[in-house]
Each structure stands twice: as structure tokens, then as C-alpha cells.
1. For Thr100, are the conditions met, namely being more than 20 Å from Ala271 (Cα to Cα), out of contact with any Asp or Glu (no Cβ under 6 Å at 6 or more places or on another chain), crowded, with 16+ Cβ neighbours inside 10 Å and among the β-branched types (Val, Ile, Thr)?
2. Check Phe125 against each of (1) closer than 22 Å to Glu87 by Cα; (2) part of a loop (DSSP other than H, G, I, E, B); (3) more than 16 Å from ligand 2 (Cβ to nearest atom); (4) in contact with a strand residue (DSSP E or B) (Cβ under 8 Å, 6 or more places away or on another chain) and name the one condition it does not meet.
3. Starting from the stretch 1-30, keep only residues that are without any contact (Cβ under 8 Å) to a residue 60 or more places away in the chain, then list their pairs with residues that are exposed (fewer than 13 other Cβ atoms within 10 Å of the Cβ) and of a type in the set (A, V, I, L, M, F, W, C) whose Cβ atoms are within a distance under 9 Å, requiring at least 6 positions of separation or different chains.
4. Residues of the stretch 146-169 being without any contact (Cβ under 8 Å) to a residue 60 or more places away in the chain, within 15 Å of ligand 2 (Cβ to nearest atom) and under 12 Å from the mean Cα position of the chain (by Cα), which ones?
5. Taking only pairs six or more apart or across chains, which ones have beta-carbon atoms under 6 Å, a first residue in the stretch 32-46 that is surrounded by 12 or more Cβ atoms within 10 Å (Cβ to Cβ), and a second residue that is among the acidic types (Asp, Glu)?
6. Would you mind finding the one in Ile182, Ile243, Ile165 that is closer than 30 Å to Phe94 by Cα, not in a helix (DSSP H, G or I) and not assigned by TED's automatic domain parsing to the domain that holds Met1?
7. Any idea which residue in the stretch 229-245 is modelled with the lowest pLDDT, counting only those that are farther than 16 Å from Ala271 by Cα and not charged (D, E, K, R)?
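The values are calculated or read from the model by the stated rules, or taken from the named source; none is laboratory data. Predicted model, so just to flag it, every value in this text is computed and none were measured. Methodologically, a virtual Cβ is constructed for each residue, glycine included, from the backbone with ideal geometry; neighbour enumeration extends over all protein chains shown.
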Amino acid sequence: MAQVHEARLPGDGRRVAIKILRPDIILKVQLDRAILLFLVRLLERLIPTLRLVSLEEAIRSFCDAVEEQLDLRNEARNNARFAANFEDDPHVCFPHLHPTLCGASVLTMDFVDGTHEDGLALAEFNVHQVVESGMRAVCRMIFLHGFVHADLHPGNMLFEPPGRIVFLDLGLVGELTDEDRIRTAQMLMALVTGDGPGVARAFFENAPHHAVTDYEAYEREISEFVSDVASKGLGQLQVTLEIGRIFDILRRHRIQARSHMTMVNLALMTAEGMGKRLAPELDLSREALPYLAEALRKTQGD
Ligand SMILES: Nc1ncnc2c1ncn2[C@@H]1O[C@H](COP(=O)(O)OP(=O)(O)O)[C@@H](O)[C@H]1O
Ligand SMILES: [Mg+2]
């Protein structure tokens, strides 16, 4: 939707990055939305059972998320909030904005002289520190702030030596209520401690809709999955990829997962996936545990 250009400010010649919305993008997005909704309604008329999966609702929330990014003032606001949340962390940063040169279709920020993931092989980087900072950042967003970067992929991060991460592209965020955070922490805690019925209960109680016909079979499948994960040893597997298997079980037993769970999982998956690529010897679940524990402790009224 946008393009980023390197530039220099008149006057002091400061190096900046300018993010500009593409011309006509608003009209194009509106047209796409109309086409998608038309097709969904047509499909639902032709195949009435489709209505059960609420395709229209999914398309609507997808389009809403896209439209959020059509006003760069949203990204500027998110930038300010992230920067405040991580003020105390010198290793996790967000591009410094120039507010007088920002508006609905333009964002002007300091140029980050960093590298993408492929540059981390350079000697000046401390890869362990990078991975720990990334994992810490994502855990704090999810379990402490409830304010999460919802478009986390390696292209949206730059790294500065020796171990600093700059998160870019802040147009899409997810907000978790206290309740969401607690339930997510409970679910992951149950997963990490091998408590199958606990994982099953967390998803069931959290589902906006369910049509379970055989709870025991559902709980059994989840428990088998959880002990399978536990038997592999946490160090060896990518927990979040395995969580994909939970979503299959949920689908089969007709339990809807909350959309924030998908977002949380995507964020953790990116962090864990990059962590495993860069530092396979680190046990990332162990890194995450203190944040889970802290989120849960808060719920028990301290
Ligand atoms: N402040 C910045 N400094 C240096 N490079 C940047 C900066 N912001 C963006 N970029 C570069 O531009 C690319 C696209 O920016 P991003 O904000 O992710 O926009 P898009 O929505 O097009 O993905 C980034 O992957 C990064 O390489
Ligand atoms: Mg991007």
C-alpha cells in the first residue's frame, strides 16, 4: 500500500526514510472490498452451509485491517505507544518520527542504518542478544502490554549491531484485553507444563462459538497432542508450529478460536522461528516462561 524512500531533510541534511501511500490506493481498496463482499454473498447463496463459517465476517475484519493502514496517522499513533511501552529497553526500538512531517499519507522518520535478518551473520552482531531481545519484545507485547505488532515478519525488522532490534511497519496492531492476555497465558502455561485438559479447557472456554458434540473425544485429542509435544522435549521443537495442529483439532470439533489467538500465535511463531534459525541452541520456551508467569501472577491479584 505504501512505498518507503530514502531522503535527506532540507537544512541539516539529516537522513530520513519517507513512507508514502500509493496514489489511488484508497479507491482500489474500496473497490476490492465491494468485489469480495459481493462474491461472498453470492457464494453463501449458492452454498448455504458456508454461512456456518461466517466468511463475510472474516472478509470484513480482513478489509478493516487493510483499511487501518490507509491512514498513516494510525501508524504514527502506534509508533508513539510502542516507543512509550519500550522506553526502558535500549535493545528494542521503533523508528523516531518527525511529527511535523507526518500526515495521513506520509510518514517521515529517521533512517535506520540497520540490516535485515540476512546481515546478522556479520561479525559485529551478537546473535544471542538479538534473539533474546526479539523474544523479550514479543512476550512483553503479548503478556504485559496487550499491544502487539500484528504484522511481524522478518521484513519488518531491522537490526543494529551489536544486538538492537528496530520494529518497522506499525500500521497493524492487535490489542488484547486483560482477559485475553490471561487466557492466552493460561493456555500456553498449560501447554508448556504438559497439562492436556487445561489446554482443552482454555480453548473451549475462550471460544466465541462452539458446537462440540463429544467433549471427551476433544479433550482426549488435545491431551494426546500435548503429551506428544512434551515427549519431544521443548528444546527440539518449535512449539508454535505445533500449535497449528491444535487449530486442526479445534476445527474438527467445531470450536472456533478467537481471532486474537491467531495473531498471538503468528507473533510468537515469527519470534520463535527466527530464534530457532539464528540460535538453535537457545530454549525459547524457557525464555518465555517468566513473562507467562508474570501475566498469570497479575491475575491472581498479586
Ligand atoms: N526508518 C527506516 N529506515 C530504514 N529503512 C526503512 C525504514 N522504514 C522502512 N524501511 C525499509 O523499507 C521497507 C518497507 O517498509 P515498511 O514500513 O515495512 O512498509 P511496507 O508497508 O511497504 O512493508 C522495510 O522493509 C525496510 O527495508
Ligand atoms: Mg513491511
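1. So Thr100 fails the test.
2. With (1) closer than 22 Å to Glu87 by Cα; (2) part of a loop (DSSP other than H, G, I, E, B); (3) more than 16 Å from ligand 2 (Cβ to nearest atom); (4) in contact with a strand residue (DSSP E or B) (Cβ under 8 Å, 6 or more places away or on another chain) applied to Phe125, the lone miss is (1).
3. none
4. Asp151, Asn156
5. From residues that are surrounded by 12 or more Cβ atoms within 10 Å (Cβ to Cβ), the pairs are Val40/Glu56.
6. Ile165
7. First pass over the stretch 229-245, keeping only residues farther than 16 Å from Ala271 by Cα: 229-233, 245.
Pick out the ones that are also not charged (D, E, K, R) and you get 229-231, 233.
Values: Val229: 78, Ala230: 73, Ser231: 74, Gly233: 57.
For the stretch 229-245, the residue satisfying everything is Gly233.
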